[in-house]
Every structure is written in C-alpha cells, then in structure tokens.
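Quick notes on the structure that follows.
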Amino acid sequence: PQDCELLKTSETKYTILQKKINLLSTLAIRINSLRKELVNTAIRVRQKNTFFQSLSSLGDIVFPQRKELVKEVSEQFCVDIDAFVARYFDEEHPKGTLYILREEIKSLQILAKVLSLNANAFAHTRKQLSSCWDKIRVVERERKKERVQKREIFKTNKKELQKQIETFIEDFKEEKVSEEEGRKILSNISSTMRSDRKSV
C-alpha cells in the first residue's frame, strides 16, 4: 500500500525483494512440477537420473536463495512493525489521530499478506498489530462514553437554561429587572449555551 507513511522509506527495498522472491517462487514451482512429470515419463533410468541431477542442481541454487530472501524481507518487516508500535503505541493510549492510525494498521496488514513472510514474522506482525487495534478500541470506547456523558450534561443544562429563560421573560414582563440587568442575564445565558455546544 502506497499510503502507509511508515513504509515509504522501505517501499523500494520491499518491491525489489518481493520481485526476486516471486521469480524464485515461480522457478521453484516449475522445478517441482518438472520432477513430478519426470517421475511419470517413460524413459531410460540413466536418462531420468541425469534429468533429476540437473533439476537438483538447479534447485540447490533456487531454494536456498528464496529462503534467504524470505528471511531478509521477514526480518525487515518485523523491524518496521516494531518501529511503528514503538512510535505510536508504546504507551497506554495511542499517539496521533485514530483515523490515520487505523488506516496505517490496515495498510500494514494488507502488506503482510502481500509479502512472502515466514511463519514467525507473520505471527509476530499479527500479534503486534492486534495489540494496536485493542488500544484503539479502548480509546474509542472511552471517547464514546465521554460523549454520552456530555450529552446527558447538555440535556440537564438545557432544562436549567430553559427555566432561566422563562424566569427572565416573566421578570422582564413584570419589570422586576432593569434593562442593564436584563442584558447581563441574557449575556450569561448566551455564554452558557455556547460553552455547552463546544463541549458536546
């Protein structure tokens, strides 16, 4: 994924490594396929053994190279994942905008499936990113709880303000408050309303 900020510095390296792995994987599949075909081919044993030796020699080049490249890309990806976690999730609450962090995690999860990672690297990646998701969910639950609490406070304040407004109207009609006092009361009511809107 091109939108993953953390991996922009490693993107070229991953692309090169994965292209090499893809090529070697294709060769490995073809070598194994040729071996199976050769087993079922009706030719002399000596000729068959010669072909097997050739395929074995080719396999001795392809398979170790592929294994080494998979190890390299796996180690690099684990380093990048650990750096991402250390940068944004080393404390109880994530650092940064939750939406951006969610998108980063999604990109990393997609990339983990695209790259040829070994089993250990894939398991490590899944564990690390799952812990990130858990921390994000905790923050989201806390924020949702806060929003609900603020709405309840707003409802309570709304009723109180309504009473104040009704009382002011009655007092003003009955001339119990002067024009100057009325302006102050309305100013206070207006300030309270603005404050409540900002907090919700």
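The values are calculated or read from the model by the stated rules, or taken from the named source; none is laboratory data. All of these numbers come straight from a predicted model, not from anything done at the bench. Quick reminder, even Gly has a Cβ in these numbers, built from the backbone with ideal geometry, and neighbours come from all protein chains shown. Accessible surface areas use protein heavy atoms only, side chains included; no ligands, DNA or RNA. Shrake-Rupley method; radii C 1.70, N 1.55, O 1.52, S 1.80 Å.
Across the chain, the relative contact order, built from alpha-carbon pairs under 8 Å that are at least six residues apart, equals 23 percent.
Its Cα centre serving as origin, the range 27-148 has a Cβ charge dipole (Lys and Arg +1, Asp and Glu -1) of approximately 700 debye.
Computed from the Cβ-Cβ distance with R0 of 45 Å, the FRET efficiency linking Ile165 to Lys144 stands at 0.90. Taking the chain as the reference, fit the longest principal axis to its C-alpha atoms, fit the long axis of helix 45-88 to the helix C-alpha atoms, and give the angle between the two in degrees, 0 to 90, nearest 10. Roughly 20 degrees, rounded to the nearest 10. Return one number: the angle in degrees, 0 to 90 and rounded to the nearest 10, between the long axis of the Cα atoms of helix 98-114 and the longest principal axis of the Cα atoms of the chain. Result, in degrees: 10. Taking 0.36 nm per residue of sequence separation and removing the Cα-Cα distance, the Leu23/Ser190 pair yields an extension gain of 53.1 nm. The aspartates and glutamates whose alpha-carbon is closer than 13 Å to the alpha-carbon of Lys8, local same-chain residues fewer than 8 away aside, are Asp80, Glu104. Take Asp60: with every protein chain present and a 1.4 Å probe, its accessible area is about 110 Å². Helix 179-199 and the long axis of the chain differ in direction by around 10°, with both axes built from C-alpha atoms.
Averaging the Cα positions of each part gives two centres, and for the range 126-200 and the range 75-116 these lie 37 Å apart. Given +1 at the Cβ of Lys and Arg, -1 at the Cβ of Asp and Glu and no other charges, the dipole of the range 129-200 around its Cα centre is 780 debye to the nearest 20. When the charge dipole of the range 29-74 is built from unit charges on Cβ atoms (+1 for Lys and Arg, -1 for Asp and Glu) and taken about the Cα centre, the candidate among Val45, Leu58, Ile31 whose Cα reaches farthest toward its positive end is Val45. Checking every one of the trypsin sites (Lys or Arg not before Pro) in the range 122-200 against DSSP loop status and a limit of 16 other Cβ atoms within 10 Å picks out Lys176. Here the 3J(HN,Hα) profile of the range 137-149, calculated from phi with Karplus coefficients 6.51, -1.76 and 1.60 at θ = phi - 60°, is 5, 4, 5, 5, 5, 5, 5, 5, 4, 4, 4, 5, 4 Hz, Gly and Pro shown as x. The slack in the chain from Asp82 to Arg137, taken as 0.36 nm per residue of separation less the alpha-carbon distance, amounts to 17.8 nm. Each label was represented as a point 7 Å from its Cα along the Cα-to-Cβ direction; for Thr12 and Lys127 these points are 3.4 nm apart. Shown here for the range 21-96: trypsin sites (Lys or Arg not before Pro) in loop regions (DSSP other than H, G, I, E, B) with at most 16 other Cβ atoms within 10 Å, namely Arg44, Lys95.
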